[in-house]
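> Quick one: the structure is below, questions incoming.
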Amino acid sequence: MTLVLTLAAAVLIGVTLGVFGGGGSILTTPALMYLAGVDAKQAIAMSLFVVGVTSVVGAVPHARAGRIRWRTGLLFGAAGMAGAYAGGRLAAFVPAHVLLIAFGIMMTATAGAMLRGREEFEPGHRAGNRAAGRIMLEGASVGLVTGLVGAGGGFLVVPALALLGGLPMPVAVGTSLLVIAMKSFAGLAGHLQSVQIDWTLALPVAALAAAGGVLGSRLAGKVAPERLRTGFGWFVLVMSVFVIARELPAQARPIFLAAVSLAALAGAITLTVRRSRHGTAALPALVPRKETEAMQSPMYFAQHYLECLSQASYLIGDRRTGRAVVVDPRRDVSEYLDDAAANGLRIEGVINTHFHADFVSGHLELAARTGAWIGYGARAEAEFPIRKLRDRERIGLGEVTLEIMETPGHTPESISVLVFEHPGDGTPYGVLTGDALFIGDVGRPDLLASFGVGADELGRMLYDTVQHKLMALPDQTRLFPAHGAGSACGKNLSTELQSTIGAQRLSNYACVPMGEREFLDIVTEGQPPAPGYFGYDALLNRKERELLKVEEHLRELPLGDVLARRDAGAVVVDARDPQEFAAGHLAGSLNVPADGRFAEQAGMLIEPGREIVVIAPDGRAEEIIVRLARIGLDTAAGFLADPEDAFTRAPEGDIARAERITFAELRDELGGAEPPLVIDVRNAGELAAGTIEGAVNIPLAELPGRLDAVPAARRIVVHCAGGARSSAAASLLRRAGRTRVADLLGGYGAWAAAHAPTET
């Protein structure tokens, strides 16, 4: 029975090492002594062997996932080996009961570390550039303790790696296993000079502990181990009392146990008082706050979300000082100015997390209106003056503090912004991740925004950013991305607008620990085609361009002027509903419905720089011109007023109608002698919902570049998911000279509903 318990404990030892990067020897020595009846000095030596083997095996998954820094680990480990060997030799001259009391004290310290919770050292407080001598001195000291008492490795190594080595916490855990293995075997070598080990017991215990280590390494990063850590900490604390009490002289035990009882009582009273004063800890709110004056925080935090571009920008300020910045603003900036004025804030800075490709940023407009500085990551180069923001640089707004994180991958210059309510806070209020990390997805590394840098190189940067930097933040850190569902900057974005790092660690496919190659494959697979304007906007955002001046484009144009401009090559954009467009429109117009993803679809179909004439739904001409300008299409010559009346006066032949057919009509045509060519303009990721047999998939974003593949004389039926994109695609085909074109009313949704099985 004792052997079974010992072997079961071995598995727990391995899981502990894999999950926490430490704690294995704290369990190993008591298990060998009290379950297997091994002598104290032999148990210490054997524990070093078991922990060494387990650490080697457990380090493998961490290494494959890139969570080991080899240079730092080898440097620290080499010093630790020297200290551990010396400690192992010194142990021969120390009485067994003294070693066990020292071991019990180390257990108490370890329990305290676990109950406090591993500190998530702030990036600004890391010191990876400190001298190697400091690292080696720390390593030798830790090794000496480990070699002497056979414990204390992981929970001394991990903080040292984070503070002295500047490593993110998950990487510090992985690297600690390398260090623990090195110094455990060195300490074992020292002990073997005076101790014999029972290998018939050591080998099976080590094998089972190694299996547990593999399991623990796979759990690391996938689970939030706070409750497990707390329970384990209390267990270790109780065990430490047991170990010390057994080794003390009989007359000292009552005094020791009385002291422990008094300490426990005092701790319980203190905890009760604190909870009664402050209340129990609550989960962080997921909604960004616009705090009232009655609240303690000086911070004002507002998310401004634009549905039609799935784009989020942020106003962050300190009410006490009135200082504020805007992050990732769009081009029409009045909303930020009004929000700031209403809350007593003045905008003094603009931060762009990267050179955006899907919209034109409003940094120049805000700078012109407020005098604000414009900040980008340190790798950015632009035609206008910018403030280059360095990794870990802090920007104080008063109490409210921002901290820059370099998070390249979507683009080389990408940054994220940590937000702290107070400069001394250990955990950020939130992190603005730009296009590095979305809710449910990550930024794609293959867009044209990254001139001169390949997708593979960017993908490797993104892997390090997501797996090692952002996932190193505390779980409770709120996450605020630059985009939501529908954006072409990713493939699987959630409709949620806020989340937490902990939630993404559990639910985001790209945040699950994995190797670099696996990450690259999964992130680049199934991305939607990028709209044609993306490359144009990415370049435009680097330029000293013209400011937005809506009034210059908001001009009524008579019908004759509109027709003349159309005949000269201008693009007529008709933003009315597809049904209204079908009933009558100017021949050659593009139908891009306003009620939907208007700007993005216009950017797919219109070449930047071409003159545009707008036909808008009633009273919405200014809105349409602004939405075009948001993506850099600010070449509108004006708009046609009262189009229905104008169409009645148009010359014969200038007014056309668009054919739209039902699913029943399409079914009949497909069964006829000359079936039409069906073109499906949905994105590849939408095809999983089903397809019409024989349809050719040409996503809307790719259609302008593949017009030559569409036969001019054949009957064509276009469909999308619901009927909006298909109207746009059909109008493009007609403009390109395909005269026998119809689109499917209701899109694939109507087709699928009509052909769904009927329940009886």
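> First select every other residue whose beta carbon is under 13 angstrom from the beta carbon of residue 740; then total the charges, Lys and Arg +1, Asp and Glu -1.
Local charge sum for residue 740: 0.
> In addition: Zone of residue 63 (label point 7 Å along Cα→Cβ, backbone N under 20 Å): which residues in region 511-528?
513-519
> How large, in percent, is the carbon and sulfur part of the accessible surface of region 516-633 at a probe radius of 1.4 Å?
48 percent
> Order of 191-199, 427-435 by packing, highest average Cβ count within 10 Å first?
427-435, 191-199
> Out of region 372-446, which GluC sites (Glu not before Pro) are coil in DSSP terms and have no more than 16 other C-beta atoms within 10 Å?
381, 383
> Another question, if that's okay. Between residue 5 and residue 203, what is 0.36 nm times their sequence separation minus the Cα-Cα distance? Round to one decimal in nm.
Gain in length upon complete extension: 69.7 nm.
> Would you please state which residues of region 349-368 a label at residue 335 would reach in this model, taking the label point 7 Å out along Cα→Cβ and a backbone N cut-off of under 13 Å?
Under 13 Å, as judged by backbone N against the label point of residue 335, lie 362 of region 349-368.
> Figure the gain on full extension for residue 255 and residue 456 (residue separation times 0.36 nm, minus the Cα-Cα span) and round it to one decimal in nm.
Length difference between fully extended and current span is 65.8 nm.
> How long is the gain from residue 622 to residue 394 if the chain were fully straight, where each residue apart is worth 0.36 nm and the alpha carbon distance is subtracted?
78.1 nm
> Less than 11 Å Cβ to Cβ from residue 552, Lys/Arg counted +1 and Asp/Glu -1: what total charge do the surrounding residues give?
Within the 11 Å Cβ shell, the charges total -1.
> Here are some pairs, 41/183; 469/491; 388/543; which of them have Cα atoms lying more than 27 Å apart in this structure?
none
> Determine, for each peptide in 498-509, 347-358, the mean count of other beta carbons within 10 angstrom over its residues, then list the peptides with the highest first.
So the order, starting with the most tightly packed, is 347-358, 498-509.
> Net charge around residue 699, counting only other residues with Cβ within less than 14 Å of its Cβ (Lys, Arg = +1; Asp, Glu = -1)?
Net of charged neighbours comes to +1.
> Keeping the other protein chains in place, figure out the carbon and sulfur percent of the accessible area of region 379-484, with a 1.4 Å probe.
Heavy-atom surface of region 379-484 belonging to carbon and sulfur, 1.4 Å probe: 48 percent.
> Which peptide among 467-473, 53-59, 177-183 comes first, and what is the full order, when sorted by highest mean count of other Cβ atoms within 10 Å?
Averaged packing, sorted descending, gives the order 177-183, 53-59, 467-473.
The values are calculated or read from the model by the stated rules, or taken from the named source; none is laboratory data. Quick caveat, the model's predicted, so the values are computed rather than measured. Neighbour counts run over all protein chains shown; Cβ positions are idealised from the backbone, glycine included. Note: areas computed on protein heavy atoms with side chains; ligands, DNA, RNA excluded. Shrake-Rupley method; radii C 1.70, N 1.55, O 1.52, S 1.80 Å.
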